[in-house]
Amino acid sequence: MSRRPYVRPMPANWFMSKPAYRFYMVREASCVFNLVYGLNLFAGLWQLTNGAEAWAGWLALQAHPLMIVFALATLAMTLLHTVTFVEMAPRVMPQQIRKMIPDNTVKAAMFGGIAVVTAAIIGFTAMGAM
Amino acid sequence: MSMTQAKSARHIEPLLWSLFGAGGMAIAFLMPAVILIVGLLVPMGILPAEVLSYERLSAFFLESWFGRLCAFVIIVPALWGSIHRVYHGMHDLQIHAGTGIKVFCYGSVLVLTIATVALVL
Amino acid sequence: MTEQTIKLEILRYNPEADNEPSFGTFEIPYNEAWSLLDALEYIKDELDSSLTYRWSCRMAVCGSCGMVVNGRPQLGCETFLRDHYPNTIKVEPLANFPIEKDLIVDATGFIEKLESVKPYIIDAVDAMKANPAKKVKETPKNEIGTYNQKPAELGLFKQFSMCINCMLCYSACPQMGLNPMFTGPAALALGHRYNLDSRDHGSDERTEVIQDKNGVWSCTFVGYCSEVCPKNVDPAAAINQNKAQGAQDWALSFLMPRKGEK
Ligand code: SF4
Ligand code: FES
């Protein structure tokens with residue numbers, strides 16, 4: 001009996017082979033949207049420092065139809081990130097803490113916190129119109 | 001230095017991962033609201049344009065300390081969190097990025113971090 | 001009435017004859033009480049005695065019978081024909097391991113990785129032997145010379161001690177396939193299990209392996225390992241708790257560079 005172990009190569013498109021892998025890749029891809037949106041916000045801050053006209057130009061870019069589509073896609077990806085992030089967060093916490101506070105309590109607190117922060121930011125921003 | 005610290009200090013993955021965690025947190029908590037306002041509600045006219053007026057935002061983000069902090073927290077961690085996943089995503093796609101690309105990725109974000117601080121100050 | 005049958009497609013590899021694995025198809029009588037292991041046994045007894053696979057307990061405790069069933073790593077003894085009937089069942093050896101023969105993989109690397117995390121209790125005496133500079137407070141022993149452990153102390157690591165070394169998580173993990181040097185889910189969870197044990201003082205000696213680039217830092221929290229684990233070990237949680245610990249130690253090494261120094 002001679003041994004001749006066969007090593008299977010990792011396929012280039014391994015992530016298409018299972019729903020779990022496809023979902024993982026979509027989750028990871030959310031960062032591309034957030035990266036581009038982060039750069040967009042950085043550009044906005046920059047234009048803000050360049051005066052009213054530059055700022056207006058950046059705001060006009062935000063209203064471009066393609067930009068609105070991109071914002072929608074980014075929002076969807078961000079929400080996917082948010083949900084998966086909250087799902088993972090309690091499992092990263094020290095086991096000692098997990099034994100004191102159930103994972104579901106942590107998740108509920110995080111989702112609650114996100115809702116409050118979101119409402120606060122929108123409320124604070126909208127107040128300026130009144 | 002204890003053995004624990006000596007061993008884990010040999011590579012900076014722990015730091016990059018902490019920044020990634022902070023970024024993940026910032027994106028989860030802040031980005032939905034920011035995208036909603038900046039990307040959708042105001043451009044689509046659901047919120048009036050005045051809420052993002054130059055006077056208001058420059059006073060907040062460029063002149064108040066709380067505003068400066070907000071600008072930093074909204075922009076910077078998100079970039080660190082995102083670049084970390086981009087870098088690891090390359091590995092997932094079996095693109096074997098060398099040290100050069102790694103330095104470029106995280107280095108660019110470091111430059112943007114410093115630039116953000118410079119902009120608000 | 002004609003007898004009901006079910007088809008199995010099995011990835012075969014005979015190292016003495018084949019250059020690469022290929023699927024063989026078998027049609028066997030369908031019995032709704034049969035596990036996949038029973039089906040393989042029928043094939044071996046009645047159709048092809050060369051079919052090679054591992055099994056022992058038939059009750060999901062020994063961890064020998066891991067295989068990939070329709071793309072999902074599963075225990076053969078815990079997979080039932082009725083869950084797939086009337087569809088064909090596709091059976092492959094565990095992914096991310098070299099195939100020795102048919103459904104048998106080479107587990108040598110896995111065993112070495114398990115050993116690398118020092119999966120045994122390192123008591124205060126041994127810990128100080130390994131690092132004389134370290135002050136270790138001994139865990140008190142009881143009258144008969146063993147340790148008492150409170151239920152809460154046991155509860156801290158119990159989940160991570162349930163592993164049966166079935167290697168399903170290694171098959172599930174794409175990082176394992178992308179970087180075969182990765183220590184991997186089960187081994188890292190096992191190291192975590194000992195680090196969390198109140199009787200153990202060996203975490204410093206496991207750090208080198210656990211905090212290595214090929215240790216927890218090769219993980220991207222795909223999370224599929226925890227999904228396929230038949231014992232709910234949640235190795236992904238174990239790994240990521242160690243990342244958090246590593247990040248904390250990393251920060252402390254700057255804030256308090258003298259901590260623990262002699
Ligand atoms: S952690 Fe779970 S899946 Fe991995 S070897 Fe142990 S029992 Fe099997
Ligand atoms: S035969 Fe023991 S786990 Fe399946």
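Give the ranking of C:Tyr53, C:Tyr120 by solvent-accessible surface, highest area first, calculated with a 1.4 Å probe. Present the calculation step by step, with values, prior to reporting the outcome.
Numbers: C:Tyr53 30, C:Tyr120 115 Å².
If we order C:Tyr53, C:Tyr120 from most to least accessible, we get C:Tyr120, C:Tyr53.
Which residue, C:Ala251, C:Ala127, C:Ala186, tops the fluctuation ranking in a GNM of chain C built on C-alpha contacts under 10 Å?
Highest fluctuation of the listed residues: C:Ala251.
Which FRET efficiency, nearest 0.05, do A:Ala54 and B:Ala22 yield, Cβ-Cβ r, R0 25 Å? Spell out each step's value before the answer.
On the way: r = 30 Å, r/R0 = 1.18.
Once rounded, the FRET efficiency stands at 0.25.
Compute the distance in nm between two label points, each set 7 Å from the Cα along the Cα-to-Cβ direction, one at C:Asn70 and one at C:Lys44.
2.4
Please list, short to long, the whole-number percent of alpha-carbon pairs of segment A:8-92 in consecutive 5 angstrom bins beginning at zero.
For segment A:8-92, the binned pair fractions read 3, 12, 15, 17, 15, 12, 10, 7, 5, 2, 1, 0, 0 percent.
Given H placed on each backbone N at 1.01 Å, which residues far from C:Thr79 in sequence or on other chains put an amide H within less than 5 Å of it?
Placed amide hydrogens put C:Leu36, C:Leu37 under 5 Å from C:Thr79.
Relative contact order, percent, of chain C when contacts are C-alpha pairs under 8 Å separated by at least 6 residues? It would help to have the intermediate numbers written out before the result.
Working: 430 pairs, mean separation 45.1, N = 262.
Result for chain C is 17 percent.
Show me the three semi-axes of the equivalent ellipsoid for segment B:1-118, from the C-alpha gyration tensor (sqrt of 5 times each eigenvalue), largest first, rounded to whole Å.
34, 18, 13
What per residue convex hull volume, in Å³, comes out for segment C:1-60 when only alpha-carbon positions are used?
Here the figure is 101 Å³ per residue.
What ratio of Cα Rg to 2.2 N^0.38 Å holds for segment C:5-105?
Normalised by 2.2 N^0.38 Å, the Cα Rg of segment C:5-105 equals 0.99.
Using only Cα atoms, find the angle between the long axis of helix A:19-49 and the longest principal axis of chain A, and express it within 0 to 90 degrees, rounded to the nearest 10.
30
Taking a label point 7 Å from the Cα of B:Ala97 along the Cα→Cβ vector, which residues of segment A:23-45 have an amide N closer than 17 Å to it?
Only A:25-39 fall inside the zone, counting backbone N under 17 Å.
Starting from a Cα-only point model with no solvent, please compute log10 I(q)/I(0) by Debye for the protein assembly as shown at q = 0.07 1/Å.
-0.50
With +1 on each Lys and Arg Cβ and -1 on each Asp and Glu Cβ, and nothing else charged, work out how big the dipole of the protein assembly as shown is about its Cα centre, in Debye to the nearest 20.
About 1380 debye.
Quick one: ranking A:Glu53, C:Glu92, C:Glu115 by accessible area, 1.4 Å probe, largest first, what do you get?
A:Glu53, C:Glu115, C:Glu92
Using a 10 Å cut-off on Cβ to Cβ distances, tally the other chain neighbours for every residue of C:206-216 and report the average as a whole number. Each step should come with its number before you reach the end.
Details: counts 2, 7, 6, 1, 3, 9, 5, 3, 0, 3, 3.
Taking the mean over all residues of the peptide, I get 4.
For C:Ser198 and C:Glu227, what does the FRET efficiency come to when R0 = 41 Å and r is the distance between their Cβ atoms, rounded to the nearest 0.05?
Calculated transfer efficiency: 0.85.
Apply the Karplus parameterisation 6.51 cos²θ - 1.76 cosθ + 1.60, with θ equal to phi minus 60°, to every residue of segment C:125-139 and state each ³J(HN,Hα) to the nearest whole Hz, in sequence, with x for glycine and proline.
Those phi angles translate into 4, 5, 5, 6, 5, 5, 9, x, 6, 8, 8, 10, 7, 5, 6 Hz.
Ordering A:Ser30, C:Ser161, A:Ser17 from largest to smallest accessible area (1.4 angstrom probe), what's the sequence?
From most exposed to least exposed: A:Ser17, C:Ser161, A:Ser30.
Please list, in chain and number order, the residues 5+ apart from C:Val105 or on another chain whose amide H is under 5 Å from its amide H, with Hs placed from the backbone.
Sorted by chain and number, the residues that satisfy this are C:Glu100.
What is the ratio of the Cα radius of gyration of chain C to 2.2 N^0.38 Å, where N is its residue count, to two decimals?
On the way: Rg = 22.2 Å, N = 262, 2.2 N^0.38 = 18.3 Å.
With N residues counted in chain C, Rg over 2.2 N^0.38 Å equals 1.21.
The values are calculated or read from the model by the stated rules, or taken from the named source; none is laboratory data. Keep in mind that this is a model prediction, so the values were computed, not measured. Neighbour counts run over all protein chains shown; Cβ positions are idealised from the backbone, glycine included. What goes into the accessible areas is simple: the full protein's heavy atoms, side chains included, and nothing from ligands, DNA or RNA. Shrake-Rupley method; radii C 1.70, N 1.55, O 1.52, S 1.80 Å.
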